[in-house]
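A short write-up of the structure that comes next.
The values are calculated or read from the model by the stated rules, or taken from the named source; none is laboratory data. All figures in this text were calculated on a predicted structure; none of them were measured in a lab. Positions of Cβ are generated from backbone atoms using ideal geometry, with glycine treated the same way; all protein chains shown enter the neighbour counts. Only protein heavy atoms, including side chains, enter the accessible area calculation; ligands, DNA and RNA are left aside. Shrake-Rupley method; radii C 1.70, N 1.55, O 1.52, S 1.80 Å.
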Amino acid sequence: MNAAIPAAEPIPLPAPVWLMKFLGDLTLTIHFIFLYLLIGGLVLSAVWNFIGRRFGDKEAVGASGVVMSRLPIVMTYVINFGVPPLLFVQVLYGQVIYTATILIGLWWMSVIFAIMGAYFAIYRCSYLASAGRGYWGWGVLALLFILYVGKVYSTAMALMLRPEDWAGMYARSDFGVYFPPADATRLPRYLYMMVLSVGYGGLLTSLYSAKGSLEEGVKRFLRVWGGRVGGVFLILGLFIGLWAWQQQPVEVRNGVWGVGIVPYAVVVWALGLLMGVVASIWISLTPASWGYGKAYLAGAASVMGAGGYVILRDMVRDVTLMLKGFDVWQRVVNPNWYVIGLFFVSLLVGVGLLVWLYFILRSARPSIEKYV
Ligand code: HEM
């Protein structure tokens, strides 16, 4: 074991490693999908609002308002689906993630304020959009906060894999004020997430054109530009993903290929991206007619692209840490099946309540529609 990695906590894991990993990867996939909607939505609505107001393009302004009005809710899902993977990653990889986040402590904690700033700016945009006023400046501000948060997360997740950097960082300052030293994997890793977010964000945004009450011109704008931006950025994301993979040390790449699930995850990831490109072209080129086929294809593409990537980055993490002497599969496990059972029962009840609430909302919609 690398001397910098602290000893495991004496308390054993309360559930098998595979179960925690499965739940962590599942919830992280959902976190990423909402992140795509948030980042892609912010970029598109800010740009469309700017263009629309600058050149008097009503369709661009209308489309940007449609997207922006949904972002406050999307943001709540980004945050709420960030919490579960954080809990799982802390339990499984506590020794490395706590060390990494403490070493960049100031930046790590500043994320709370950046998220609050982003929230404020997004609500401001949404208010200005509903009042028919321009808001692209607030949109750019929200985007800067969000890009900053993503950068800090990406840095922490990369630093937890580099115990060799920790002692030097601590010697330099124990106030958590410095970013880690250069690491070839960091930039492509971050860029991949941001660029792909615009890609899937564009694709998913084009689906808003299904809303029946929108003007035809706005629907067309959403379809054509959401689809075009989606297609271009998904292709870019594919290349940045390959670059990120190339930046991994050769022993990590060889080790990752040796893991049984990896070839399947690669196929799922690549198919997800290609299906996304096909859906983007399909949506942007077909006139007016709307079909569930496009929505299913776009939805499946996003889930596969996000899910495949989540598994791959998890395997890169495991192999990297294994090469440095930390094997998560060797953690002491003492499952408490009563507690695990209780967890699943409460999960089922929670999901059941959500479905029930959804149907109540749906049946109440006709009577509340005139107020919203
Ligand atoms: C708007 C705010 C947010 C943005 C822009 C954001 C962005 C990101 C990005 C870019 C990554 C990938 C990092 C990488 O692998 O390079 C990530 C991962 C992650 N995010 Fe978020 N995030 C946000 C909010 C949150 C919140 C509020 C939480 C938790 C409270 C959270 C928890 C996580 C966790 C735990 C991971 C990685 C999990 C793992 O490696 O297993 N995120 N996030």
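Some notes on this structure:
- Residues of region 119-144 classified as within 21 Å of G201 (Cβ to Cβ), in a helix (DSSP H, G or I) and touching a residue at least 40 places away in the same chain (Cβ under 8 Å), total: 11
- Checked against (1) touching a residue at least 12 places away in the same chain (Cβ under 8 Å); (2) open to solvent by 20 Å² or more (accessible area, probe 1.4 Å), R54 passes all but a single condition, namely (1).
- Applying the criterion of being in contact with a strand residue (DSSP E or B) (Cβ under 9 Å, 6 or more places away or on another chain) and not small (G, A, S) to the residues of region 3-50, the residue that is farthest from the ligand (Cβ to nearest atom) is P12.
- Restricting attention to region 56-65 and to residues that are more than 21 Å from L143 (Cβ to Cβ) and part of a helix (DSSP H, G or I), the residue that is nearest to the ligand (Cβ to nearest atom) turns out to be E59.
- Taking the listed residues M157, M116, the one that is over 21 Å from G24 (Cα atoms) and out of contact with any Ser or Thr (no Cβ under 8 Å at 6 or more places or on another chain) is M116, with no other qualifying.
- Within region 66-94, the only residue that satisfies the criterion of being open to solvent by 20 Å² or more (accessible area, probe 1.4 Å) and either away from the ligand (no atom under 16 Å from the Cβ) or on the phi > 0 side of the Ramachandran plot (or both) is S69.
- The residue that is most open to solvent (accessible area, probe 1.4 Å), among those in region 323-334 that are of a type outside the set (F, W, Y) and touching a helix residue (DSSP H, G or I) at 6+ places or on another chain (Cβ under 7 Å), is L323.
- Taking region 158-180 as the range and being away from the ligand (no atom under 16 Å from the Cβ) and open to solvent by 60 Å² or more (accessible area, probe 1.4 Å) as the test, the residues that pass are E164, A167, Y170, A171, R172, D174, F175, Y178.
- Of all residues assigned to region 149-157, at least one qualifies as being open to solvent by 30 Å² or more (accessible area, probe 1.4 Å) and either free of Cβ contacts under 8 Å to residues at least 40 places away in the same chain or not in a helix (DSSP H, G or I) (or both).
- Scope region 291-347; condition polar (S, T, N, Q) and not in a helix (DSSP H, G or I); matching residues: N334, N336
- Residue identified as farther than 30 Å from R220 by Cβ and among the β-branched types (V, I, T) among V140, V152, V198: V152
- Residues of region 126-148 satisfying the condition of being hydrophobic (A, V, I, L, M, F, W, C), open to solvent by less than 80 Å² (accessible area, probe 1.4 Å) and either under 30 Å from L103 (Cβ atoms) or in contact with a Pro (Cβ under 9 Å, 6 or more places away or on another chain) (or both): L141, A142, L143, F145, I146, L147
- Test: residue in region 256-272 that is within 14 Å of L203 (Cα to Cα) and touching a helix residue (DSSP H, G or I) at 6+ places or on another chain (Cβ under 9 Å): yes
To keep it simple, each residue is scored yes or no on (1) touching a Ser or Thr at 6+ places or on another chain (Cβ under 6 Å); (2) within 19 Å of K151 (Cβ to Cβ).
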residue: T27; (1), (2): no, no
residue: G40; (1), (2): yes, yes
residue: I79; (1), (2): no, yes
residue: P84; (1), (2): yes, no
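- Where P16 falls short, out of the listed (1) out of contact with any Gly (no Cβ under 9 Å at 6 or more places or on another chain); (2) open to solvent by less than 70 Å² (accessible area, probe 1.4 Å); (3) within 23 Å of N80 (Cα to Cα): (3)
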